[in-house]
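Student: I have a structure I would like to understand better, so I am pasting it below and will then ask my questions one at a time.
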Amino acid sequence: MGAKFEIGRIAGLPVFIDVSFIVLIVLWGEGYFTSGSTVQMSIGFLLVVGLALSILVHELAHAVTGYHLGVPPSHIELNGFGGLCYWAGPMRPEAWRRIAISLVGPLSNFVLYFLFLQLSQLPVVMGNRFVFTVTGYLAIANWYMGLFNLFPAFPLDGGKALEALLGTVLSAMTARLIVGVLGLCAAAYFVYLGINGNTWLLVIAVMLGLANYDAVQGAKRPPWQRWN
Ligand SMILES: [Zn+2]
């Protein structure tokens, strides 16, 4: 994507923020930050931080699993599409490694969903409207983040896992084509969902459309090297 800068390292792994991530933060928090209410602005701030950390946990799950399965990560990037984990070398060919590295991302979101849900149900939290709102929102956001990433489309985790799985019985090119076509269907579905004026869903539709059109066009190229 665009210009990016390093914000720090986690266990030696550099974490970058792309300028498009700032746009994402503004879109997320806009309603809260422009509300004029200090309470709403505080909620917005905590939600933005919580969502950024949730994405970071998702990418770290890919990175740590990759590291233990013989695919060391090179860096993590937070961007307008959420995030990406980049690898220092080529992806290992075995399907099970690629499936595990893919699916651990959405799995981490479902774990966060469960944790935030439990937290929001604690009596001390339920008695505090402010904390209850933040934890409840972060639980729901992680649930949808996990579900969205399981969509059988590039460059999502579900698409990469399905490509690896299909590749065990079909040629790599056929597997890529099938996921690419499913991804174009997913893009059409998001157009349908966003047609009533939800800009956010239309942006997702365009991103999925471009990525999967590219995958179908270049099905002969080697597998995706980036894990979002
Ligand atoms: Zn992922």
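Student: Looking only at N212, N142, N198, which one moves most when the chain is put into a Gaussian network model with springs between Cα atoms under 10 Å?
Tutor: N198
Student: Helix-only mean residue ellipticity at 222 nm, the chain, DSSP H runs n ≥ 4 weighted -39,500 (n - 2.57), per residue, nearest 500. What is it?
Tutor: Details: 8 runs with 149 residues, N = 228.
Here the helix-only value at 222 nm equals -22500 deg cm²/dmol.
Student: Short version: ³J(HN,Hα) in whole Hz for each residue of segment 62-75, in order, from phi by Karplus 6.51 cos²θ - 1.76 cosθ + 1.60 (θ = phi - 60°), x for Gly and Pro, what are they?
Tutor: Whole-Hz 3J(HN,Hα) from phi for segment 62-75: 4, 4, 5, 5, x, 4, 6, 9, x, 10, x, x, 9, 6.
Student: Let me ask something additional. Once the other residues with Cβ under 10 Å from the Cβ of L103 are scored (Lys, Arg +1; Asp, Glu -1), what is the net sum? Don't jump to the answer; show the numbers that get you there.
Tutor: Numbers: positive: R98, K160; negative: D157.
Value of the local net charge: +1.
Student: Say we join alpha carbon atoms closer than 10 Å with springs in a Gaussian network model of the chain; which of W28, W87, W200 then has the biggest fluctuation?
Tutor: It is W200.
FYI, it's all coordinate maths here, none of it is from the lab. The model shown is predicted, which means the values in this text are computed figures rather than measured ones. Counting neighbours? That spans all protein chains shown, and the Cβs are built from the backbone with ideal geometry, glycine included.
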